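Readers should treat all values here as calculations from the given coordinates under stated rules, not as data from a laboratory. For clarity, every value in this text was computed on a predicted model and none was experimentally measured. Cβ placement follows ideal geometry from the backbone for every residue including glycine, while neighbour counts extend to all protein chains displayed.
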Amino acid sequence: MSDEGVPADEAAKHAPAAPGRAARAVMAAEAVLAERFPQAIFAIVAGSILRGEGTQTSDIDLVVLHEALPAAWRESFHFDGFPIEAFVHDFETLNWFVDQDMAGGCQVLADMVAGGVAIGPERARAEALQAGAQQRLERGPAPLTPEIRDGLRYQITDLVDDLRDARPAAEIRAIAAELTKPLADLMLLGRGRWSGRGKWLPRLLVRADASLAERFDTALRTRAQDRQQS
């Protein structure tokens with residue numbers, strides 16, 4: 001029985017549900033904003049936890065906006081059981097970093113801004129920033145110039161030539177890892193789609209063309225296995 005005389009199992013049915021991990025991540029980010037960045041005008045909470053794709057070690061990406069700063073910075077820390085990576089900017093520095101990313105065909109920071117959850121005192125301004133980032137993402141990357149396309153093809157051909165030779169397993173893995181980025185860039189940017197870095201490359205390939213992404217992964221794994229066994 002509960003303290004009010006209601007059977008415990010019945011009381012449990014009507015008890016408020018514990019917040020999910022994504023909701024807890026947003027609450028932690030709100031506390032971080034208030035405690036560590038009290039002068040900020042708003043922040044945007046992003047990352048795999050909010051998308052429901054987080055692992056045990058996934059962190060919270062927190063884009064923190066101030067009206068003006070001497071310089072942008074980035075810091076990592078733990079709060080309430082969550083690893084947090086904070087990207088601290090004003091509008092000028094944020095736009096500069098987004099422009100740099102996008103000029104290289106990468107949308108990581110803009111994607112954080114567009115797809116995150118706005119928190120803080122000036123959410124209307126945050127939502128306007130998000131809308132602008134979403135519009136830029138929808139326009140897609142600049143078309144590949146002949147110079148960039150030829151440069152990617154040269155890198156790919158050079159690395160594939162290296163893979164044709166019998167080599168130690170460690171060298172095969174290193175070549176395959178280096179091949180992933182230019183090959184994915186050519187596949188994605190050549191189709192007018194944003195590219196990325198690290199773990200985002202296979203995700204973006206799957207979104208663009210699941211069949212091609214599977215062939216891409218199979219080819220790299222098979223080549224490495226064949227050469228290690230020969």
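Quick notes on this one:
- Three-way shape call for the chain based on the alpha-carbon gyration tensor, with the a/c threshold at 1.5: oblate
- Among complete DSSP H helices in the chain, those whose alpha-carbon atoms stretch at least 20 Å along the helix's long axis and whose mean Kyte-Doolittle hydropathy reaches 0.0 are 21-36, 169-189.
- Cβ-derived FRET efficiency at R0 22 Å, residue 191 paired with residue 150, nearest 0.05: 0.80
- Cβ charges +1 (Lys, Arg) and -1 (Asp, Glu), total dipole of the chain, debye: 840 debye
- When the square roots of the Cα gyration tensor eigenvalues are ordered a ≥ b ≥ c, the ratio a/c for the range 133-184 is 1.5 or more and a/b does not exceed b/c, which makes its shape oblate.
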